[in-house]
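Enquirer: Dropping a structure here in structure tokens format, bear with me for questions.
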Amino acid sequence: MGLWIRIKRSMRALFGGIVEATEDPELILQQTIRDMRDRIPDLNNSVAQVMATEKLLGKNKERLEAQVVDLDSKIKASVKMGRDDIATAYIGQLQQAQVDLQRTIHQYEHSQLASKQALKARDNYMLQMQRRTAEAMQLINQSKQAKLQEQLAQTMASFQIGDDASTFDEMRDKIDRRAAAAEARMQLGTSSVDNQMQEIEKEAMDMQLQDKLLQYKKDMGLLPADSGSGAPQALPAQGETTTQ
């Protein structure tokens with residue numbers, strides 16, 4: 001394989017891929033519809049020219065038919081008047097008019113057929129354009145739907161549920177560890193010796209306050225004098241017995 005052929009093949013593959021990647025079906029279809037609509041004025045002009053030719057030939061046909069009738073009358077009048085020379089001249093004009101009339105009739109018949117074909121072609125083109133336009137609009141809608149589906153697929157691919165689930169799991173573990181550490185510190189705080197000593201001191205303070213309250217009530221005569229102060233009595237010494 002020659003080097004030039006390989007280069008041409010590579011260039012075609014390269015630029016073919018670029019063109020295919022840059023082609024937008026929606027834009028191409030819309031441009032195709034515009035091109036079809038832009039051809040309508042030229043098509044109408046062509047049909048109008050064909051119909052104008054038909055009308056012109058029709059008028060020429062009517063003029064020649066009238067001329068033939070007129071020349072025939074003039075020939076008869078010349079013959080009656082004995083003017084054979086004039087009648088002969090009119091006969092020559094009549095023969096030429098009859099030739100022209102036959103040719104015009106033939107052209108007129110062809111122009112009528114051409115007008116019908118042109119109108120039919122124009123109508124077929126309009127019908128075809130309407131069908132193509134409807135089909136193009138349907139394809140454009142499908143292309144838009146395909147684009148939306150592609151965008152949705154890309155969005156779903158970029159937000160996989162697994163990514164969020166791993167984040168939730170990580171945050172859940174972190175919060176559980178913080179909660180466990182806080183609970184452990186609270187347990188350590190409530191079971192410490194300092195905390196127990198504080199509870200004992202608080203109990204002792206409450207007992208002293210109760211003793212002072214009883215003393216106040218004695219002094220004010222609100223309690224019998226021999227009533228106990230509520231203070232705890234000393235325990236008997238070891239070996240001593242209590243009297244009955």
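None of the figures in this text is laboratory data; all of them are computed from the coordinates on show. Remember, predicted model here, so these are calculated numbers, not experimental data. Cβ: placed from backbone, ideal geometry, glycine included. Neighbour counts: every protein chain shown.
Enquirer: Based on the mean of other beta carbon atoms within 10 Å per residue, what is the order of 90-98, 134-142, 200-208, most packed first?
Expert: Output ranking for 90-98, 134-142, 200-208: 90-98, 134-142, 200-208.
Enquirer: Okay, moving on. Net charge within 13 Å of Leu127 by Cβ-Cβ distance, Lys/Arg positive one each and Asp/Glu negative one each, not counting Leu127 itself? Could the numbers behind the result be given before it?
Expert: Working: positive: Lys120, Arg122, Arg131, Arg132; negative: Asp123, Glu135.
Its environment carries a net charge of +2.
Enquirer: Fully extended, how many nm does the chain gain between Ile7 and Lys212 (0.36 nm per residue separation, minus their Cα-Cα distance)? The partial results should precede the final answer.
Expert: Values: separation 205, 0.36 × 205 = 73.80 nm, distance 11.44 nm.
Using 0.36 nm per residue and subtracting the Cα-Cα distance, I get 62.4 nm.
Enquirer: Taking the alpha-carbon distance from Lys76 and a cut-off under 28 Å, which lysines remain once sequence neighbours fewer than 8 residues away in the same chain are dropped?
Expert: Lys59, Lys61
Enquirer: Past the 14 angstrom mark, what percentage of all C-alpha to C-alpha distances in segment 76-130 do you count? Kindly include the intermediate steps, with their values, before the conclusion.
Expert: Details: 1047 of 1485 pairs.
Value for segment 76-130: 71 percent of Cα pairs lie more than 14 Å apart.
Enquirer: Here's another thing I want to ask about it. To the nearest 20 debye, what is the magnitude of the charge dipole of segment 23-158 about its Cα centre, counting +1 on the Cβ of each Lys and Arg and -1 on the Cβ of each Asp and Glu?
Expert: Working: 19 positive and 18 negative charges, 78 e Å.
It works out to roughly 380 debye.
Enquirer: Order by neighbour count: Met171, Met126, fewest other Cβ atoms within 10 Å first, most last. Present the calculation step by step, with values, prior to reporting the outcome.
Expert: Values: Met171 10, Met126 14.
Ascending Cβ contact count within 10 Å gives the list Met171, Met126.
Enquirer: How much length is gained on full extension from Leu119 to Gln98, taking 0.36 nm per residue of separation minus their Cα-Cα distance?
Expert: On the way: separation 21, 0.36 × 21 = 7.56 nm, distance 3.12 nm.
That pair, Leu119 and Gln98, stretches by 4.4 nm at full extension.
Enquirer: Which of the lysines could a cross-linker bridge to Lys55, judged by Cα under 19 Å and excluding same-chain residues fewer than eight apart?
Expert: Within the straight-line limit of under 19 Å, Lys55 reaches these lysines: Lys116, Lys120.
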